[in-house]
Amino acid sequence: MSLTLNCMSAKNRTVSGALGGFLGFVGMSAVAGILVTAAVAPAVALSGMAATNTINVFDSLPEYLSIDRLAQKSNIYASTNAEDPVGTRVLLASFYEQNRVDIPSDAISQFAKDAAIAGEDPRFMEHGGVDIQSSFNGAVQTLAGGETRGGSSITQQYVKNVLIQKCEVMTDEEKADACYDDATKTTADRKLREMRLAIGIEKKYEKADILRGYLNIAGYGGTVYGIEAAASYYFNTTALNLTLPQAASLVAIVNNPVKFQLDRPASETNGAANGYADNKSRRDYILNEMLKYDKITQVDHDAAVATPIEPVITVPSTGCQTAGDNAFFCDYVTKILKNDVTFGATAEERIDNFTRGGFDVYTTLDLDLQATAVAALNASVPKVVNDWNVGGVVSSVKVGTGAVLVMTQNKDYSQDPTVQATGANYTGLNYNTDFAYGGSNGFQPGSTYKVFTLAEWLKEGHALTERVDSRRKANWGDFQDSCLGVQNWDGRFNPRNDGGSSESNPNYSALQSTTNSINTGFIGMAKKLDLCGIRKTAESFGVHRADGANLDQGASSVIGTNEIAPLTMAAAFAGIANNGMTCTPIAISKMISSDGTELPIPKSTCTQSVEPAVAAGMQYAMQTVMTNGTARASNGRTSPRLPMIGKTGTTDAAKDTWMSGATTQVATVVGVVNVGGNNYKNQRNSSFFGRQASDVRHTIWPKIMSAANAKYGGDDFPEASSSVINAVAVPVPDVRGKSMAEAKTTLEAAGFLFVDGGVTSSEMPAGTVASTDPAGGSASTRGATVTARSSDGTGVTIPSVIGKTEADARGTLSGAPYGFTVAKTEQPTADKAQDGKVMAIQPGEGTAGRPGDAVTIVIGKYTPPTPPTTTAPNSGANNGRDE
């Protein structure tokens with residue numbers, strides 16, 4: 001396809017038309033044949049072939065030349081406004097094999113057009129692609145000097161450059177070299193073919209289009225191609241605003257780029273010391289030709305000749321190292337352009353499209369939020385701490401779209417090994433992304449990964465207030481795994497929270513375990529779940545290992561031992577905040593081709609990871625982390641404070657610390673991590689800028705989220721249902737009289753945590769359950785602790801003595817087998833039959849006791865009733881009425 005020239009109506013130019021004038025001049029003599037042959041191809045002339053035969057050969061050559069897309073630089077932009085990425089764009093970096101910007105004719109100075117014609121092809125507007133007179137002069141020089149000379153028209157030069165450009169796009173080095181040799185070799189057949197193609201070009205395109213194509217394709221030294229890039233590079237201006245002497249200097253370079261280029265000030269022949277003498281000589285020749293052909297006035301000519309050559313070398317932003325604080329995000333974008341099949345079927349095609357395509361790539365990076373993150377990170381995490389290569393990472397994602405808003409780290413970007421060797425502050429690795437998109441193998445997310453076990457817990461119908469066995473131990477027993485079979489790590493797995501905090505409660509609820517990040521609580525939850533199910537739930541949120549391997553699903557993975565990219569975790573937390581709908585990260589919002597066409601880009605894929613009701617339960621628990629749990633420091637330092645969810649994480653020996661959270665609009669992950677192998681420090685015992693290293697995350701995260709909240713806002717999260725929060729109360733089985741082993745099996749089968757409360761005196765047979773707390777028949781939540789006490793067999797129950805005389809009761813209670821110590825109290829009674837009888841006993845009948853225990857009997861004491869008092873009637877009474 002043609003991206004260089006606008007195809008105009010074909011002109012009725014033929015070979016005979018192009019050569020006719022010259023043939024009329026020399027006639028049809030033998031000399032004419034030699035001259036025509038010499039004009040077309042000097043070497044052919046030397047063979048003695050007749051002119052007619054030569055022209056017949058010439059006519060048989062193909063005249064069609066496809067004009068392919070020119071290699072142009074691609075630009076990557078960021079913005080401050082996602083609604084207007086073009087209007088608020090800021091250039092991050094440019095990439096190219098050839099620094100070129102293809103521009104239309106009306107964007108090129110008339111000085112440059114006239115300079116090109118006057119200096120390279122004065123009869124350009126008259127000939128049909130081949131200037132016979134110039135070719136003839138070249139032929140004469142060839143005959144005289146024994147080598148082929150110049151004389152190529154602008155159209156011929158354009159053809160040659162087009163052929164070279166076709167070689168440039170070849171990925172096979174041998175084929176590309178052979179192509180280049182074929183396009184540039186100084187032979188008669190190459191010149192003959194070039195002429196024929198030039199005539200074909202002239203038959204198809206207007207002169208103005210050919211001249212524009214020539215100025216856009218020509219090389220101006222080094223990697224600078226095209227008049228626009230040359231104007232920017234050498235004089236920090238545009239092709240349209242070139243002055244006369246500047247335009248002449250640039251056209252001079254085209255004649256011999258190595259000899260005339262202006263970016264070697266130390267050159268002895270063409271440098272600053274001698275005023276760039278070689279270029280000036282060629283420039284002034286072009287100015288003379290422009291005056292000769294009435295393109296400029298004598299005054300303009302003289303002024304231009306008197307103007308010194310003063311280049312203003314302006315090196316374009318090349319590669320992500322020019323993106324400064326945004327370099328690692330820029331690097332991520334380049335990896336997408338090179339890896340995503342949206343941009344080409346093969347890696348070679350994608351790389352070629354990227355470095356040659358002339359794309360304007362608009363990204364999702366929010367420069368305002370990015371600047372806040374960079375400042376917060378730089379103020380909190382040093383680039384290097386003595387011999388500890390510490391890393392700081394931040395990734396922020398827009399909830400509901402997957403747009404990457406922030407990506408930064410505490411290092412200086414360089415892909416140059418020499419630069420990297422100068423200090424640990426330099427790296428080419430992007431710590432925020434997967435290996436394929438930045439070279440990092442990821443980091444253990446610690447307890448931030450627990451949210452996926454929480455999700456599986458709620459998916460399986462468990463409630464937040466349901467309790468589990470959370471006692472610390474090394475013999476957790478069997479874990480169910482529907483993918484790999486039953487797993488057991490007894491003797492090899494004894495988890496506890498980092499930092500020495502004790503898991504003092506033997507049966508934390510899921511809510512308590514989440515709020516306070518209790519490791520044993522989550523292992524207890526996993527015991528009631530399927531390990532494979534937990535892994536699949538994590539994957540449903542887009543979670544995967546940074547190195548591309550499968551997620552580990554062992555019991556230890558529950559507390560965050562898989563190495564995962566921070567960006568992956570940010571997208572997952574955005575999915576939780578988005579009511580369980582997770583959107584894959586995207587970094588490109590729009591891409592425009594060099595001709596203004598909007599190109600397809602990778603789209604975010606949004607998937608319902610968990611049902612909204614489950615997500616609401618997760619949000620409820622994760623809000624308590626912020627308000628009452630391990631993330632309250634981040635919550636308290638955020639302003640404006642909006643409803644936020646969060647989870648903290650700390651890996652073994654506080655090697656890595658995390659703060660991950662979100663509003664309904666933005667999710668952010670902040671990590672302080674070890675990137676230097678085994679040479680690291682415990683963050684609880686280290687400090688950065690006077691602050692404990694393990695607390696730094698709670699300084700960085702709130703600064704970023706404060707800015708995010710101010711810019712993007714946020715809403716309340718949906719309310720969680722009562723069934724998600726509150727565990728269903730179930731009756732405690734009555735296990736009195738059962739063996740302790742049988743009682744344990746029965747209570748655990750009912751969903752309770754069995755605790756042996758030791759031995760108590762009871763009338764029950766020794767070794768059987770004497771009592772439980774809560775008592776059998778009462779209601780309690782699943783997972784609650786039931787403490788059972790076994791009988792020692794020595795207990796007795798208080799016998800029935802109510803209604804007996806005091807003497808009988810005493811005899812029974814103090815005699816065998818009871819042996820109680822009896823005390824007495826009296827209670828008045830108007831019932832004569834109760835006089836001297838036992839009316840009550842404390843403790844009550846049937847209560848368990850031990851011989852020697854004290855009991856109190858209540859003895860009735862008859863007290864006659866008091867007779868009622870009688871009053872005589874009074875005739876003066878008012879009969880009870882108020883007056």
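Numbers for the structure displayed
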| quantity | calculated |
| --- | --- |
| Flag for residue 845 being acidic (Asp, Glu), outside any loop (DSSP other than H, G, I, E, B) and either surrounded by 11 or more Cβ atoms within 10 Å (Cβ to Cβ) or at pLDDT below 95 (or both) | no |
| Unmet requirement for residue 676, which otherwise passes all of (1) part of a loop (DSSP other than H, G, I, E, B); (2) of a type outside the set (S, T, N, Q); (3) under 15 Å from residue 574 (Cα atoms) | (3) |
| Tally of residues being touching a residue at least 12 places away in the same chain (Cβ under 8 Å) and either open to solvent by 20 Å² or more (accessible area, probe 1.4 Å) or not hydrophobic (A, V, I, L, M, F, W, C) (or both) across segment 266-300 | 15 |
| Close pairs (6 angstrom Cβ cut-off, 6 or more residues apart or separate chains): open to solvent by 60 Å² or more (accessible area, probe 1.4 Å) in segment 301-323, of a type in the set (Asp, Glu) anywhere | 313/263 |
| Flag if residue 696 is in contact with an Asp or Glu (Cβ under 7 Å, 6 or more places away or on another chain) and not charged (D, E, K, R) | no |
| Segment 448-466, residues that are out of contact with any Leu (no Cβ under 8 Å at 6 or more places or on another chain), modelled with pLDDT of 95 or more and either open to solvent by less than 10 Å² (accessible area, probe 1.4 Å) or among the aliphatic types (A, V, I, L, M) (or both) | 448, 449, 450, 451, 452, 454, 455, 463 |
| Only one of 239, 208, 230 that is out of contact with any His (no Cβ under 8 Å at 6 or more places or on another chain), surrounded by 19 or more Cβ atoms within 10 Å (Cβ to Cβ) and assigned to a helix (DSSP H, G or I) | 230 |
| Selection within segment 656-673 - out of contact with any Gly (no Cβ under 6 Å at 6 or more places or on another chain) and either assigned to a strand (DSSP E or B) or open to solvent by 10 Å² or more (accessible area, probe 1.4 Å) (or both) | 657, 659, 660, 662, 666, 667, 668, 669, 670, 671 |
| Residue that is modelled with pLDDT of 95 or more and surrounded by fewer than 20 Cβ atoms within 10 Å (Cβ to Cβ), where the choices are 112, 116, 78, 107 | 107 |
| Residues satisfying the stated conditions in segment 163-187, i.e. open to solvent by 30 Å² or more (accessible area, probe 1.4 Å) and among the polar types (S, T, N, Q) | 171, 184, 186, 187 |
| Filter result (of a type in the set (D, E, K, R) and part of a helix (DSSP H, G or I)) within segment 175-189 | 175, 177, 181, 182, 189 |
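Condition check ((1) farther than 23 Å from residue 268 by Cβ; (2) modelled with pLDDT of 95 or more; (3) not in a loop (DSSP other than H, G, I, E, B)) across all residues:
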position	(1), (2), (3)
278	no, yes, yes
284	no, yes, yes
291	yes, yes, yes
294	yes, yes, no
301	yes, yes, yes
308	no, yes, no
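Results for (1) assigned to a strand (DSSP E or B); (2) touching a residue at least 40 places away in the same chain (Cβ under 8 Å); (3) touching a Lys or Arg at 6+ places or on another chain (Cβ under 6 Å); (4) open to solvent by 10 Å² or more (accessible area, probe 1.4 Å), shown as yes or no for each residue.
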{"position": "351", "(1), (2), (3), (4)": "no, no, yes, yes"}
{"position": "368", "(1), (2), (3), (4)": "no, yes, no, yes"}
{"position": "377", "(1), (2), (3), (4)": "no, yes, no, no"}
{"position": "391", "(1), (2), (3), (4)": "yes, yes, no, no"}
{"position": "396", "(1), (2), (3), (4)": "yes, yes, no, no"}
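The values are calculated or read from the model by the stated rules, or taken from the named source; none is laboratory data. If you're wondering where the values come from, they're calculated on a predicted model, not measured in any experiment. When we count neighbours, we look across all protein chains shown, and the Cβ atoms used for this are built from the backbone with ideal geometry, even at glycine. Side chains included, ligands, DNA and RNA excluded: accessible areas come from the protein's heavy atoms. Shrake-Rupley method; radii C 1.70, N 1.55, O 1.52, S 1.80 Å.
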